[in-house]
Every structure is written in structure tokens, then in C-alpha cells.
Amino acid sequence: MPDAQKKALRRWRGNLRHRQREESRSAGPRSDEKATGAASDRGAEAPRLDREAVVALVDRIRPLLQDEPLLSALVAGADLSPHGLYRHIRFSHGRERVPDASLEMHWRMEVLELFHLWRHR
């Protein structure tokens, strides 16, 4: 390996070790903090809502969106294609099945429609 690449590799390994040390320091006392409640004093993440609370919120919001494209269409894969779960989410919400050959074009149209709908809200 050329010297420049060896130097870059050493630097990246050093960065990785530094990040791992920082993460282990910040993650270490969390078990004690949960018992004492100190995590909430320092701005730690709030606990997640339980499933029933989320379902209640969804039931209130869903009628407001009617038949608009799914907001989850805005989540794309790394190659800017529809996310792998896009088809499943559509199915779970009772949307019509889109043939495999036209799924990406349908997804792109939904993304475009969402941008137009939400641009003026």
C-alpha cells in the first residue's frame, strides 16, 4: 500500500477509536441515570409513545390527509429509488397494487404530487 494510503488509514483508524471511546463514555452511565431519572435532566431523548397512543394519533390525522399520496413516499433508498418498504406501506394502507414495471414511475409521481401539495400549506 502506498505511504499516503497507509497514513490515511492510520488517521481513519484513529478517528474510529476516538469515536468509539466517546460513545462508550456517553453510553456508560446511562443504566444508573435511568434509575435516578438524571437522564431527563440532561436533555436525553424522551421515551417513545406506546402503540395505543400512536394509533390514536394516526386515527385523528388520517382523515385530514384523505387520498393524498403517502408521506412515506418521501423516504427514498440510497440510490434515490423507492424505499424497499414502499410497496408494503401502500398495501398496508389499502392502496391499489402498482405493477412492478411501473412502481418507480408511480413513486416519482407521488413524490412530485406531495411537493406540490405541501408547498403551499
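The values are calculated or read from the model by the stated rules, or taken from the named source; none is laboratory data. This is a predicted model, so every value here is computed, not measured. As a convention, Cβ positions derive from the backbone with ideal geometry for all residues, glycine included, and neighbour counts pool all protein chains shown. Remember, those area values only see protein heavy atoms, side chains included, never the ligands or the DNA or RNA. Shrake-Rupley method; radii C 1.70, N 1.55, O 1.52, S 1.80 Å.
Table: residues versus (1) modelled with pLDDT of 75 or more; (2) in contact with a Lys or Arg (Cβ under 6 Å, 6 or more places away or on another chain); (3) open to solvent by less than 100 Å² (accessible area, probe 1.4 Å).
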{"residue": "14", "(1), (2), (3)": "yes, no, yes"}
{"residue": "21", "(1), (2), (3)": "yes, no, no"}
{"residue": "39", "(1), (2), (3)": "no, no, yes"}
{"residue": "81", "(1), (2), (3)": "yes, no, yes"}
{"residue": "88", "(1), (2), (3)": "yes, no, no"}
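Can you run down the residue pairs with Cβ atoms below 8 Å, 6 or more apart or on separate chains, where the first is in the stretch 66-89 and within 16 Å of residue 112 (Cβ to Cβ) and the partner is charged (D, E, K, R) and buried (at least 16 other Cβ atoms within 10 Å of the Cβ)?
Listed by first residue and then by second, the contacts come to 69/110; 70/90; 70/110; 73/110.
Could you count how many residues in the stretch 68-89 are over 26 Å from residue 55 (Cβ atoms) and assigned to a loop (DSSP other than H, G, I, E, B)? Step through it out loud before you land on a result.
Within the stretch 68-89, the first condition is being over 26 Å from residue 55 (Cβ atoms), and the residues that meet it are 76-81.
Then keep just the ones that are assigned to a loop (DSSP other than H, G, I, E, B); that gives 77-81.
The qualifying residues number 5.
Taking the options 112, 49, 117, name whichever one is out of contact with any Leu (no Cβ under 6 Å at 6 or more places or on another chain), at pLDDT below 85 and assigned to a helix (DSSP H, G or I). I'd like the intermediate steps shown before the answer.
On the way: 112 fails: at pLDDT below 85; 49 fails: assigned to a helix (DSSP H, G or I).
Matching residue, one of 112, 49, 117: 117.
Return yes when residue 33 is modelled with pLDDT under 85 and surrounded by 13 or more Cβ atoms within 10 Å (Cβ to Cβ) and no when it is not. Write out each step before concluding.
Values: modelled with pLDDT under 85: yes; surrounded by 13 or more Cβ atoms within 10 Å (Cβ to Cβ): yes.
Judged against the criteria, residue 33 is a match.
For the stretch 90-104, check the following and say yes or no: at least one residue is touching a residue at least 24 places away in the same chain (Cβ under 8 Å) and either polar (S, T, N, Q) or outside any loop (DSSP other than H, G, I, E, B) (or both).
Taking the stretch 90-104 and keeping what is touching a residue at least 24 places away in the same chain (Cβ under 8 Å), we get 95.
Next cut, either polar (S, T, N, Q) or outside any loop (DSSP other than H, G, I, E, B) (or both) only: none.
The answer is no; no qualifying residue exists.
Take the residues in the stretch 90-103 that are closer than 26 Å to residue 63 by Cβ and of a type outside the set (S, T, N, Q), then tell me which one is surrounded by the most Cβ atoms within 10 Å (Cβ to Cβ).
First, the residues of the stretch 90-103 that are closer than 26 Å to residue 63 by Cβ: 90-98.
Of the ones still in play, those that are also of a type outside the set (S, T, N, Q) are 90-91, 93-98.
Values: 90: 22, 91: 12, 93: 10, 94: 6, 95: 15, 96: 7, 97: 9, 98: 18.
That would be 90.
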